[in-house]
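The values are calculated or read from the model by the stated rules, or taken from the named source; none is laboratory data. Predicted model only: the values in this text are computed from it and were never measured. Don't worry about glycine lacking a Cβ; one is built from the backbone with ideal geometry, like all the others, and counts go over all protein chains shown.
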Amino acid sequence: MSAQRYLVTARKYRPQLFEELVAQEHVTETLNNAIRFDRLAHAYLFSGPRGVGKTTAARILAKAINCTTPLDQRGNGAEPCRACESCRTFEEGRSLNIIEIDAASNNKVDDIRELRDTVRIPPQGGRKKVYIVDEVHMLSSAAFNALLKTLEEPPPHVLFIFATTEPHKVLPTILSRCQRFDFRRIAVPEIVSRLEEICAKEEITADEASLMLIARKGDGALRDALSVFDQAVSLCGSNLQYSELAQVLGVVDIDLFFDVTDFVIQRDTAGMLTLVDRIMRSGYDLLEFLAGLAEHLRNVLVARTMSDTALIEAPDATRQRYEGIAGRFTETDLLRLITLVSDAEDSIKNSPQPRLKLETALLKMATISLAVDLREAIQKIERLEVLAGEGTLSTSSQDQPLPKRQASPRVEKPASKRPSGSQAPSGSKLSSASQPPSESQARSEPQPSSGSRSFSEPQPPHRVKEPPAEPAGAPSKEPAAPSDSSSPADVLGTPAIQRRTPPSNDDAVSQAVAVEVDSDVATEEAFDTGPLGSVWSDLLSRVKEDRIHVGSLLQHSRPEEFRDGTAVVGVPDDFHRRLLTSQQDYVVEQIQALLSMPLRAVRFIVRDDLEAPDAEETASDFNPYEYMQRKRQENPVIRAIFDQFGGELVW
């Protein structure tokens with residue numbers, strides 16, 4: 001049997017100086033200054049979590065106060081010398097001037113009365129008589145009140161140091177008589193650094209992952225981490241390996257967490273069920289698995305949000321794995337997954353079927369839909385409303401982009417073919433679009449009648465056929481002028497291209513309108529907004545009151561043409577065209593309510609001369625969250641999505 005008995009690491013390497021305390025510099029610096037400048041209070045209260053050095057700091061302070069070595073000969077001008085008689089007797093447990101009391105077992109009034117009697121006795125060969133009362137919050141209210149007078153006006157040779165993990169249980173009258181120091185939890189890197197020092201002294205080798213695991217098991221308490229370290233050394237000897245430690249400590253393998261996120265990305269429900277079976281066969285605690293999964297998702301969120309992964313408490317190799325998968329998720333998706341894990345933790349605690357709860361939570365994570373833009377969701381829902389009202393699905397090519405107008409080669413107009421009474425300026429030219437319409441557009445768009453222009457993209461000149469002559473006296477298909485006295489120019493301003501008098505039906509093909517356009521403006525055919533231009537401002541006001549986002553889109557558009565029951569509206573970009581095309585039936589309904597003539601369709605075409613609004617301007621016109629909340633209350637279909645299918649608003 002060895003002459004020296006075994007000491008656990010927490011006792012063997014207990015700090016004996018202020019500089020050896022880990023992560024409590026804010027306390028040690030203040031106490032050092034108090035000793036240097038002789039400004040010691042009569043009572044101190046040390047509070048904080050377990051295992052962070054409260055009682056150790058109290059012992060060092062008591063030893064430094066009674067140290068007989070002059071201050072100028074001490075380390076740092078305040079540290080105890082550990083060589084004088086007072087320091088040696090205290091470290092050997094023979095000091096009569098430093099008394100430690102456990103308030104958990106000495107919490108009665110009689111115990112405090114005995115303490116009051118002993119404080120009158122002066123110290124024996126020391127400067128002060130120091131009482132260290134541990135777990136002081138365990139004193140009864142009567143005991144606290146019995147201590148008040150002595151604590152407020154103790155003898156000059158007495159100093160009290162109280163330590164507690166629950167300062168809120170200490171009476172305010174006691175707190176007001178003490179100087180309070182709050183000890184901090186110790187960060188994982190600082191615990192790892194302390195463990196490396198101990199390993200170097202004990203000649204123990206350990207990889208980074210093993211020390212990181214031990215430090216995390218300490219949960220901010222160095223004493224707890226040192227206890228786990230002793231257990232690890234007993235298992236692995238002088239060579240600590242992560243795989244062995246994880247198995248004996250019951251730590252869930254981190255690869256399982258990465259498997260979960262992989263299954264979420266792949267939407268693999270079978271993989272999730274297999275993973276739960278692996279967890280059950282390995283004997284892992286389900287709550288510990290969920291706690292680790294929540295921390296794993298938090299680490300992914302940190303890697304996704306921040307450019308630096310310093311906040312992830314893991315080895316460098318693991319941090320790189322987090323950086324690799326962070327780009328596969330959005331912040332919204334990760335927050336939703338963390339919420340599901342948190343809900344699962346609460347439900348498993350009191351559930352008779354914890355495995356089923358875990359499987360349900362993981363399956364929800366695997367089948368959860370990724371976050372989508374709320375504006376697009378609103379557009380789809382409104383489209384579904386229209387289709388539900390009609391009872392049919394539209395087969396038209398409304399979602400296909402329309403080709404942009406292109407300027408055709410300029411052709412000289414013979415003077416003899418001009419209509420009577422009209423003169424074209426010298427050098428006038430004719431512009432027409434050269435792209436033929438697609439087959440789907442040809443089916444969905446109305447065909448123009450004789451004597452009127454087509455609103456699909458016109459055919460090239462060599463494919464134009466002369467239409468059949470109309471009978472004499474046939475009524476003109478030109479729409480009647482609106483009764484309102486306002487003209488399109490009053491609403492939209494002066495058009496860039498002036499419309500000329502159309503030719504008669506007999507010369508519809510052989511004659512053209514010559515226009516002179518500015519060289520900076522693209523050559524296009526002249527437009528007649530007709531009755532659509534006269535009601536455009538009323539249409540904007542009407543739509544904004546009903547569907548503000550549609551009105552916002554129309555506000556940045558303009559009417560181009562109205563012929564044979566088809567309206568053409570110019571939009572600034574393809575984004576406006578797609579969103580307004582999805583609302584075509586609604587726009588037709590609103591225009592029809594303002595016009596006295598039939599309207600069959602509305603076409604939206606991109607115009608380069610229109611400017612798209614800024615993102616801030618568009619966002620200020622429409623609040624999709626409030627709109628969706630209102631729709632949830634009004635529409636039974638949307639309400640069912642939230643109530644029956646667990647829908648949620650994500651913005």
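The table below gives the values:
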{"item": "All positions within region 162-218 that are charged (D, E, K, R), assigned to a loop (DSSP other than H, G, I, E, B) and either within 25 Å of Thr28 (Cα to Cα) or in contact with a strand residue (DSSP E or B) (Cβ under 8 Å, 6 or more places away or on another chain) (or both)", "result": "Glu166, Arg177, Arg184, Arg185, Asp207"}
{"item": "Selection from region 295-314 of residues that are within 15 Å of the chain's Cα centre (by Cα), not in a loop (DSSP other than H, G, I, E, B) and not polar (S, T, N, Q)", "result": "Leu297, Arg298, Val300, Leu301, Val302, Ala303, Arg304"}
{"item": "Residue, modelled with the highest pLDDT, within region 518-563, restricted to residues that are under 41 Å from the mean Cα position of the chain (by Cα) and in a loop (DSSP other than H, G, I, E, B)", "result": "Ser557"}
{"item": "Test: residue in region 600-610 that is in a helix (DSSP H, G or I), at pLDDT below 85 and out of contact with any Gly (no Cβ under 9 Å at 6 or more places or on another chain)", "result": "no"}
{"item": "Check on Asp333, surrounded by 15 or more Cβ atoms within 10 Å (Cβ to Cβ) and either at pLDDT 90 or above or out of contact with any strand residue (DSSP E or B) (no Cβ under 7 Å at 6 or more places or on another chain) (or both)", "result": "yes"}
{"item": "Residue tally, condition in a loop (DSSP other than H, G, I, E, B) and in contact with a Lys or Arg (Cβ under 9 Å, 6 or more places away or on another chain), over region 34-48", "result": "3"}
{"item": "Identity of the residue in region 227-244, under 12 Å from Asp207 (Cα atoms) and among the polar types (S, T, N, Q), that ends up modelled with the lowest pLDDT", "result": "Ser243"}
{"item": "Number of the condition not met by Pro80 [criteria: (1) in a helix (DSSP H, G or I); (2) crowded, with 18+ Cβ neighbours inside 10 Å]", "result": "(1)"}
{"item": "Matching option when the condition is in a loop (DSSP other than H, G, I, E, B) and modelled with pLDDT under 90, among Ala371, Ala317, Ala388, Ala377", "result": "Ala371"}
{"item": "Residue, nearest to Gln16 (Cα to Cα), within region 93-126, restricted to residues that are within 56 Å of the chain's Cα centre (by Cα) and of a type in the set (Asp, Glu)", "result": "Glu100"}
{"item": "Residue, farthest from Gln24 (Cα to Cα), within region 49-77, restricted to residues that are part of a loop (DSSP other than H, G, I, E, B) and in contact with a helix residue (DSSP H, G or I) (Cβ under 6 Å, 6 or more places away or on another chain)", "result": "Thr68"}
{"item": "Hits in region 116-133 - residues which are outside any loop (DSSP other than H, G, I, E, B) and out of contact with any Pro (no Cβ under 8 Å at 6 or more places or on another chain)", "result": "Arg116, Asp117, Thr118, Val130, Tyr131, Ile132, Val133"}
{"item": "Any chance Arg194 is in contact (Cβ under 8 Å) with a residue 60 or more places away in the chain and either in contact with a His (Cβ under 8 Å, 6 or more places away or on another chain) or under 30 Å from Met365 (Cβ atoms) (or both)", "result": "no"}
{"item": "Where a residue in region 351-377 is more than 20 Å from Phe258 (Cα to Cα) and its partner, wherever it lies, is modelled with pLDDT of 70 or more and of a type in the set (D, E, K, R), with Cβ under 8 Å and at least six apart", "result": "Ser351/Lys357; Ala371/Asp333; Ala371/Arg336"}
{"item": "Only one of Gln400, Gln406 that is within 30 Å of Val568 (Cβ to Cβ), at pLDDT below 70 and under 37 Å from the mean Cα position of the chain (by Cα)", "result": "Gln400"}
{"item": "Matching residues in region 85-115 - criterion: being of a type outside the set (D, E, K, R) and part of a helix (DSSP H, G or I)", "result": "Ser86, Cys87, Thr89, Phe90, Val109, Ile112, Leu115"}
{"item": "The lone exception for Val170 - which of (1) surrounded by 15 or more Cβ atoms within 10 Å (Cβ to Cβ); (2) over 24 Å from Leu96 (Cα atoms); (3) free of Cβ contacts under 8 Å to residues at least 60 places away in the same chain it fails", "result": "(3)"}
{"item": "Failed item, numbered, when Arg180 is tested on (1) farther than 30 Å from Ile112 by Cβ; (2) in contact with a Leu (Cβ under 9 Å, 6 or more places away or on another chain); (3) in contact (Cβ under 8 Å) with a residue 24 or more places away in the chain", "result": "(1)"}
{"item": "Residue within region 296-314 that is within 21 Å of Ser369 (Cβ to Cβ), surrounded by fewer than 17 Cβ atoms within 10 Å (Cβ to Cβ) and in contact with a Phe, Trp or Tyr (Cβ under 9 Å, 6 or more places away or on another chain) present", "result": "no"}
{"item": "Residue identified as among the polar types (S, T, N, Q), touching a Pro at 6+ places or on another chain (Cβ under 6 Å) and on the phi < 0 side of the Ramachandran plot among Asn33, Asn97, Asn66, Asn107", "result": "Asn97"}
{"item": "Among the residues listed as Lys149, Lys129, the single one being closer than 21 Å to Ala58 by Cβ, more than 51 Å from the chain's Cα centre (by Cα) and not hydrophobic (A, V, I, L, M, F, W, C)", "result": "Lys129"}
